[in-house]
Amino acid sequence: MFARDEEGSGSGSGPVALVTGAARGIGAAVVDGLVREGATVAAVDIDADGLAELADRSKGRVVPFVADVADAAAIADVVDKTERDIGPVATGVSVAGILRPGTLCETTDKDWSDTFAVNTTGVFFVLRELARRMVPRGSGSLVTVASNAAGVPRTGMGAYAASKAATVMLTRCLGLEVAQHGIRCNVVSPGSTDTPMQRQLWTGETEGADLARVLEGTPEQFRVGIPLGRIADPADIADAVLFLASDRARHITMQNLFVDGGATLRA
């Protein structure tokens with residue numbers, strides 16, 4: 001079982017979790033996994049239709065909140081309503097992110113600021129709001145979904161990689177600050193995963209050709225392939241998130257778990 005708040009859930013139906021970027025892809029897989037583990041989930045996204053579909057299949061275990069993580073007031077309101085109406089949040093997972101592909105010389109001021117607003121500042125808002133409430137309770141688990149691009153230079157992804165690198169360190173620094181209060185903060189860094197974000201990088205020539213380039217690598221972009229020979233499914237990433245959020249990882253904090261089939265060749 002994943003982290004439970006010591007005070008328990010206000011709903012009486014298991015621990016409460018909050019997930020951003022919940023409407024699709026990795027976020028939706030995380031929500032589905034948390035629900036299977038018995039959680040009630042506050043699902044946050046700007047995609048109202050996606051949230052509605054998620055809530056419909058959850059049999060009442062998902063409460064949708066349409067909000068932009070880059071809006072500090074909106075996130076504070078979501079956390080307030082979650083804790084008041086559902087119960088104290090025991091597990092927080094930050095998945096929301098955007099990707100604006102392009103070389104750094106081509107990146108506009110807006111692309112840069114939008115990328116950091118969601119991928120870094122938005123995570124800060126979520127972590128801050130949840131940590132402020134977890135500290136007095138003396139328990140909690142916070143997981144940030146970053147990217148293996150945060151640790152390996154990538155062509156055409158400079159803003160994204162820089163924002164994710166900042167988010168990794170943000171999460172680890174918070175983990176150091178709140179460890180004394182029994183709160184764990186960890187990072188999951190996926191590699192190529194079959195999500196809409198991944199597919200926006202594909203050329204559209206043929207799905208087979210695009211997938212082959214991911215698996216085999218692209219030397220002209222100085223990018224290796226995936227040693228395990230498969231692209232990740234969102235559930236692969238969700239499983240890593242659920243582990244780090246769970247009591248099975250009770251002595252793990254400030255760590256960054258790469259889930260990329262070996263693509264970054266990390267020792």
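The values are calculated or read from the model by the stated rules, or taken from the named source; none is laboratory data. Predicted, not measured: the structure shown is a model, and the values here were computed from it. Please note: Cβ atoms are built from the backbone with ideal geometry, for glycine as well, and neighbour counts cover all protein chains shown.
What to note about this one:
- A single member of Gly38, Gly8 is touching a Lys or Arg at 6+ places or on another chain (Cβ under 9 Å) and either at pLDDT 95 or above or of a type in the set (Gly, Ala, Ser) (or both), and it is Gly38.
- Filter pass, Arg84 being assigned to a loop (DSSP other than H, G, I, E, B) and either of a type outside the set (S, T, N, Q) or over 13 Å from Thr171 (Cβ atoms) (or both): no
- Segment 69-99, residues that are surrounded by fewer than 18 Cβ atoms within 10 Å (Cβ to Cβ) and of a type outside the set (A, V, I, L, M, F, W, C): Asp71, Asp77, Asp80, Lys81, Arg84, Asp85
- Among residues of segment 109-135, those that are out of contact with any Asp or Glu (no Cβ under 7 Å at 6 or more places or on another chain) and either without any contact (Cβ under 8 Å) to a residue 12 or more places away in the chain or among the charged types (D, E, K, R) (or both), counted: 8
- Top-ranked residue in segment 101-126 [being of a type outside the set (S, T, N, Q) and touching a strand residue (DSSP E or B) at 6+ places or on another chain (Cβ under 9 Å); ranked as surrounded by the most Cβ atoms within 10 Å (Cβ to Cβ)]: Val123
- Residue that is farthest from Ala131 (Cα to Cα) [pool: residues in segment 143-197 that are outside any loop (DSSP other than H, G, I, E, B), modelled with pLDDT of 95 or more and of a type in the set (Ser, Thr, Tyr)]: Tyr160
- Odd one out for Val126 among (1) within 20 Å of the chain's Cα centre (by Cα); (2) in a loop (DSSP other than H, G, I, E, B): (2)
- Residue count for segment 17-33, restricted to those that are free of Cβ contacts under 8 Å to residues at least 60 places away in the same chain and β-branched (Val, Ile, Thr): 1
- The requirement of being in contact (Cβ under 8 Å) with a residue 60 or more places away in the chain, closer than 12 Å to Ala42 by Cβ, part of a helix (DSSP H, G or I) and out of contact with any strand residue (DSSP E or B) (no Cβ under 6 Å at 6 or more places or on another chain) is fulfilled nowhere in segment 70-78; no residue meets it.
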